[in-house]
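Here the structure comes first, spelled out in structure tokens, and everything after it is commentary.
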Amino acid sequence: MLVAVAVRDADTGAAARALEALGAPVGSRQALSPGRSLLLAAPGPAPAEPVVAALRAAGWRAVARPVGGGHLAAWRAHTAPVVIEGRLCVCFPWAEFDRASAPPAVEVDPGPSFGTGAHPSTRLLLVEIARRARPGQRVLDVGCGSGVLSLAAARLGAGAVGTDIDPAALVATAANAEWNGLEVDVCDGLPPGRFEIVVANIGADQLVALAPAIRERVAAAGWIGLSGISPAQVSRVAAAFGGGGEVRRDEEWAALVLPG
Ligand SMILES: C[S@@+](CC[C@H](N)C(=O)[O-])C[C@H]1O[C@@H](n2cnc3c(N)ncnc32)[C@H](O)[C@@H]1O
């Protein structure tokens, strides 16, 4: 395996020195997008994973990446961008594809948090955001994880606030917003105020428990997107929110879209 590090071009020298110090000198560099590159380094006979772990602990967006052949083809398939409604795409920072010929990208390094954009429960809400979010709207992302939903809304011009019970998720969301050059606020606990859009991919039990708090935060002309539920759980979640709404399905997952 090689070590792959997605960097801002301005950080190339520092990343190269970090790789060198870990015994993995940079072997090649490829442009990812204007101002961003992927450095590929071979750690010699040593495994790539400890180098990746050391780099990630130091804040670099590093992963182990196959050298070539079928493993590399599989890796590229696994890291291919998730295109949402032709309006945006979600990808890893180290994804190797031509961003200029894809819809505007949101690049997500999930770290230990949930949310690459590929999971059906995330996709269901990404689709709703891509269809409905408008510039200037306020979006509350309850259970933001990696920040993927907030970032998607912000990429479409909305103002997003992410909140999560896991402090690592708030760190991941802030770091991903910074990498993407997007403004996303993170908040420890549900913020006050009303939002045109409230999305929550947190599972049926958490949705039922938070139903009054979520309802309270959606503006009258807004909408709520609830996900992380099975089709069998939809009616229980809908009842907690006062009934009604439209059900969406993706594979074995369901989402509920309700008016504010
Ligand atoms: C399935 S992940 C969703 C991540 C991302 N929003 C997505 O759609 O891919 C659920 C997230 O909700 C968080 N969470 C669970 N219960 C919560 C609660 N009561 N309030 C806020 N966040 C919660 C978890 O820590 C986790 O990060």
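The values are calculated or read from the model by the stated rules, or taken from the named source; none is laboratory data. Treat the numbers as computed from the prediction; the structure is a model and nothing was measured. Cβ atoms come from the backbone with ideal geometry, glycine included; neighbour counts cover every protein chain shown. Accessible surface is based on the protein model in full, side chains and every heavy atom, while ligands, DNA and RNA are left aside. Shrake-Rupley method; radii C 1.70, N 1.55, O 1.52, S 1.80 Å.
With the condition being of a type in the set (Gly, Ala, Ser) and open to solvent by 20 Å² or more (accessible area, probe 1.4 Å), I'd like the strands (runs of 3 or more DSSP E) fully within segment 26-94 carrying at least 2 qualifying residues. Working first, answer last.
Details: elements: 26-33, 36-41, 61-65, 82-84, 88-91.
Answer list for segment 26-94: 26-33.
Within segment 1-15, the set of residues being among the β-branched types (Val, Ile, Thr) and assigned to a strand (DSSP E or B) comprises Val3, Val5, Val7. Just one of the listed residues (Arg155, Arg134) is open to solvent by 30 Å² or more (accessible area, probe 1.4 Å), of a type in the set (Lys, Arg) and away from the ligand (no atom under 16 Å from the Cβ), namely Arg134. Across segment 237-245, not a single residue is classified as within 12 Å of the ligand (Cβ to nearest atom) and crowded, with 20+ Cβ neighbours inside 10 Å.
Criterion applied to Asp141, Asp109 was being among the charged types (D, E, K, R) and either within 13 Å of the ligand (Cβ to nearest atom) or part of a helix (DSSP H, G or I) (or both), and the one residue passing it is Asp141.
Set side by side, the residues Ala169, Ala177 differ, and just one is within 21 Å of Ala53 (Cα to Cα) and either outside the structural domain of Ala58 (by TED's automatic domain parsing) or not in a loop (DSSP other than H, G, I, E, B) (or both), which is Ala169. One residue alone among Gly189, Gly162 is within 11 Å of the ligand (Cβ to nearest atom) and assigned to a strand (DSSP E or B), and that residue is Gly162.
Among the residues making up segment 212-222, those that are assigned to a strand (DSSP E or B) and surrounded by fewer than 19 Cβ atoms within 10 Å (Cβ to Cβ) are Ala219, Ala220, Ala221. Considering the conditions (1) within 13 Å of the ligand (Cβ to nearest atom); (2) of a type in the set (A, V, I, L, M); (3) free of Cβ contacts under 8 Å to residues at least 24 places away in the same chain, Ala211 is excluded by exactly one of them, (3). Kindly indicate whether Ile229 is farther than 24 Å from Gln137 by Cα, open to solvent by less than 20 Å² (accessible area, probe 1.4 Å) and among the β-branched types (Val, Ile, Thr). When the stated conditions are applied, Ile229 passes them.
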